[in-house]
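Before any comments, here is the structure.
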Amino acid sequence: MSDVDAKESAPVPEDDETGFTRRTALKALGATLGAAAFARAMAPLRSWSADLSMDEFLQQHYHEMGEEELEKVLRRLEKETLEDYGAEVEIEDLRPQEGVQFGYALNLSVCNGCRKCAEACNKENNHDRKTNNSYIRVFEMEQGSLDFEKGTASYDHTVPAPGKYYMPVQCLQCDNPPCVDVCPVEATWKEEDGVVVIDYNWCIGCRYCEAACPYHARRFNWHKPEIPTSEVNPVQAYLSNRIRPAGVVEKCHFCLHRTRKGEAPACQEACPTGARVFGNLLDPDSDIRWVLENKRVYVLKEDLGTRPRFFYFFD
Amino acid sequence: MSQNLRRTLIVAAAVIAGVFVAALMTSIFGPEPEFEIDESPPESAAPQIYDDIIHAPAGLGTLRTELRDIHGDPIGVACSTCHLSGNLGDPPAKSADELSEFHVDMDFDHGDLACSSCHAEDNRNQLKLADGTQIDYEDSMELCAQCHSSTYRSYKHGAHGGMAGHWDDSAGPRERNHCLSCHYAHEPAFPDVMPAPPPRDRYFEVPTDQ
């Protein structure tokens, strides 16, 4: 479809600068086709999502939606969750707080590799139960090595094992995020508080971002997540833990549905060793600032110039 | 518009409206009756700052029995039940390997500290600091801090011991663990555990079990 010049065949708003053109064009085309033709045109995509509705297809980019439109979308998504999962949920649109820049640090001397953070992430973020998906991967590392690519994430024995240390890796919310740069439809961007987010309804599932991330922090949602009704976390936000459709990319968002309300992220709360430090980088009295000023911190693959917001330190 | 500017404008508008209404009232009803006007700002004006909540384990500094209370915590016996006024051993045991009765099955692996480095000798219901000051078991973090000052400093700044609740103290309290929530005083090494199950995904492959 990408080689069709939609601008000539359908009324398309002039928004080249925004970069939304291709998707807008597709949508505008759909609007003029009528439902039957629309359904036929969409047939290939149906294998991804049997229930992609007209409404959903016509939905605007997050930044383009007015308050009213967004409100409608949120209620529609809540209804869909009720239909698909039998769960009453509340999906909010939470914006960054003024004067807040999030930062995260992890004490590698203390982490014991218990994976409680990954487990909490699975539950908090409504991940598929079958694959035990999580935005956090914990690597078992050889002492002396700092290259997590050499670590193993599938260890399954008592921890900590002698001679090993453990490095949980999740999205580092880079200030210079390569994943954002490669997105052809601007479905992912960096917010004011530093969180890199995804509009899951705008993502076309091309997976460029997944390949561009040097930290393997992005996941492709292969299947519609399976979650028992009673386990669906009903506290949700549009840009964070609402249940994502199949065929889109997802990743850690620093639990923005919690953190933008002043709460700790789920992985920090779940950590039984107290290895995680989270907070506002702009607040000189915050824990995270103390760590940055008093511990020798380092970031993963610093030489790539990605400027992560997630720091590691040893005591 | 900034929050402050907006607030100032609203207040200004309210004041102007108030003056106007007052003038109107005076002209209709004659002079205003005397009220007591509370000039102090409403209490909600200053943002509330929540203090940290520290969760100490239940029954600290008691001899836990098999009996449980309604919360499922073990019911403890006060040290003074037996130690009416200090030592009981004859001669008193100074360290774990000198114990010959009662506390004999106690595990101890905390440097080569003597019992009296931490327990007050004349009052078993209290701990004691290096300078002899007696403290309650709930305050035992002060005791730990004496010998582990750098860890304690990290703890004070959230870099050791973790937290739950709120990172933003104007939204809600930060909840912290006590040193003894994670470290048993006599054998403080953090125990080994079995990890939660690993994810069943592979980097760039469709999970095969689907």
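In table form, for the structure just shown:
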read-out: Residue list for the stretch B:54-72, filter: exposed (fewer than 13 other Cβ atoms within 10 Å of the Cβ) and either assigned to a loop (DSSP other than H, G, I, E, B) or free of Cβ contacts under 8 Å to residues at least 40 places away in the same chain (or both); value: B:THR65, B:GLU66, B:LEU67, B:ARG68, B:ASP69, B:ILE70, B:HIS71, B:GLY72
read-out: B:ASP122, sole failed condition from (1) exposed (fewer than 14 other Cβ atoms within 10 Å of the Cβ); (2) in a loop (DSSP other than H, G, I, E, B); (3) within 14 Å of chain A (Cβ to nearest Cβ); value: (3)
read-out: Pair list, Cβ under 8 Å, 6 or more apart: the stretch A:265-291 residue of a type in the set (Ser, Thr, Tyr), other residue modelled with pLDDT of 95 or more and in a loop (DSSP other than H, G, I, E, B); value: A:THR273/A:VAL110; A:THR273/A:CYS111; A:THR273/A:ASN112; A:THR273/A:CYS114; A:THR273/B:GLY162; A:THR273/B:PHE190; A:SER286/B:TRP167
read-out: A:SER286 being within 10 Å of chain B (Cβ to nearest Cβ) and closer than 17 Å to A:PHE102 by Cβ; value: yes
read-out: Any hit, the stretch B:181-192, residues being in contact with a Ser or Thr (Cβ under 7 Å, 6 or more places away or on another chain), at pLDDT 95 or above and surrounded by fewer than 17 Cβ atoms within 10 Å (Cβ to Cβ); value: yes
read-out: Among residues of the stretch A:196-227, those that are over 16 Å from A:VAL169 (Cα atoms) and either among the polar types (S, T, N, Q) or buried (at least 20 other Cβ atoms within 10 Å of the Cβ) (or both), counted; value: 11
read-out: B:GLY158, sole failed condition from (1) part of a loop (DSSP other than H, G, I, E, B); (2) more than 30 Å from B:GLU175 (Cα to Cα); value: (2)
read-out: Boolean, A:GLY274 is within 13 Å of chain B (Cβ to nearest Cβ), more than 14 Å from the chain's Cα centre (by Cα), crowded, with 21+ Cβ neighbours inside 10 Å and assigned to a loop (DSSP other than H, G, I, E, B); value: yes
read-out: Residue among B:GLY76, B:GLY89 that alone is within 21 Å of B:LEU180 (Cα to Cα), without any contact (Cβ under 8 Å) to a residue 24 or more places away in the chain and surrounded by 14 or more Cβ atoms within 10 Å (Cβ to Cβ); value: B:GLY76
read-out: Spans of strands (runs of 3 or more DSSP E) in the stretch A:132-223 with at least 2 residues within 14 Å of chain B (Cβ to nearest Cβ); value: A:137-142, A:164-169
read-out: Counted residues, the stretch B:88-115 - those being within 22 Å of B:PRO57 (Cα to Cα) and either assigned to a loop (DSSP other than H, G, I, E, B) or not hydrophobic (A, V, I, L, M, F, W, C) (or both); value: 7
read-out: Conditions (1) within 19 Å of A:ALA270 (Cα to Cα); (2) more than 9 Å from chain A (Cβ to nearest Cβ): number failed by B:GLU187; value: (1)
read-out: Within the stretch B:162-192, tally of residues that are in a loop (DSSP other than H, G, I, E, B) and over 12 Å from the mean Cα position of the chain (by Cα); value: 14
read-out: Any hit, the stretch A:75-91, residues being more than 21 Å from A:THR229 (Cα to Cα) and out of contact with any Pro (no Cβ under 6 Å at 6 or more places or on another chain); value: no
read-out: Check on B:LEU113, modelled with pLDDT under 95, more than 14 Å from chain A (Cβ to nearest Cβ) and more than 16 Å from the chain's Cα centre (by Cα); value: yes
read-out: Search result, residues across the stretch A:92-125 that are farther than 22 Å from A:VAL297 by Cα and polar (S, T, N, Q); value: A:GLN97, A:ASN122, A:ASN125
read-out: Residue within the stretch B:95-102 that is modelled with pLDDT under 95 and among the aliphatic types (A, V, I, L, M) present; value: yes
read-out: Condition check for B:ASP136: over 18 Å from B:LEU180 (Cβ atoms) and not aliphatic (A, V, I, L, M); value: no
read-out: Filter result (assigned to a strand (DSSP E or B) and within 14 Å of another protein chain (Cβ to nearest Cβ)) within the stretch A:289-315; value: A:VAL297, A:PHE311, A:TYR312, A:PHE313
read-out: Any hit, the stretch A:244-263, residues being buried (at least 24 other Cβ atoms within 10 Å of the Cβ), more than 10 Å from every other protein chain (Cβ to nearest Cβ) and more than 21 Å from A:PRO177 (Cβ to Cβ); value: no
read-out: Residue count for the stretch A:232-257, restricted to those that are in contact with a helix residue (DSSP H, G or I) (Cβ under 7 Å, 6 or more places away or on another chain) and either over 14 Å from A:PHE310 (Cβ atoms) or not in a loop (DSSP other than H, G, I, E, B) (or both); value: 12
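For (1) closer than 19 Å to A:PHE313 by Cβ; (2) out of contact with any helix residue (DSSP H, G or I) (no Cβ under 8 Å at 6 or more places or on another chain); (3) surrounded by fewer than 17 Cβ atoms within 10 Å (Cβ to Cβ); (4) not polar (S, T, N, Q), each residue gets a yes or a no:
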{"site": "A:ARG95", "(1), (2), (3), (4)": "no, yes, yes, yes"}
{"site": "A:GLY99", "(1), (2), (3), (4)": "no, yes, yes, yes"}
{"site": "A:SER109", "(1), (2), (3), (4)": "yes, yes, yes, no"}
{"site": "A:LYS116", "(1), (2), (3), (4)": "no, no, no, yes"}
{"site": "A:GLU119", "(1), (2), (3), (4)": "no, no, no, yes"}
{"site": "A:ASN122", "(1), (2), (3), (4)": "no, yes, no, no"}
{"site": "A:ASN126", "(1), (2), (3), (4)": "no, yes, no, no"}
{"site": "A:TYR166", "(1), (2), (3), (4)": "yes, yes, no, yes"}
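The values are calculated or read from the model by the stated rules, or taken from the named source; none is laboratory data. For clarity, every value in this text was computed on a predicted model and none was experimentally measured. Glycine gets a Cβ as well: all are built from the backbone with ideal geometry, and neighbour counts include every protein chain shown.
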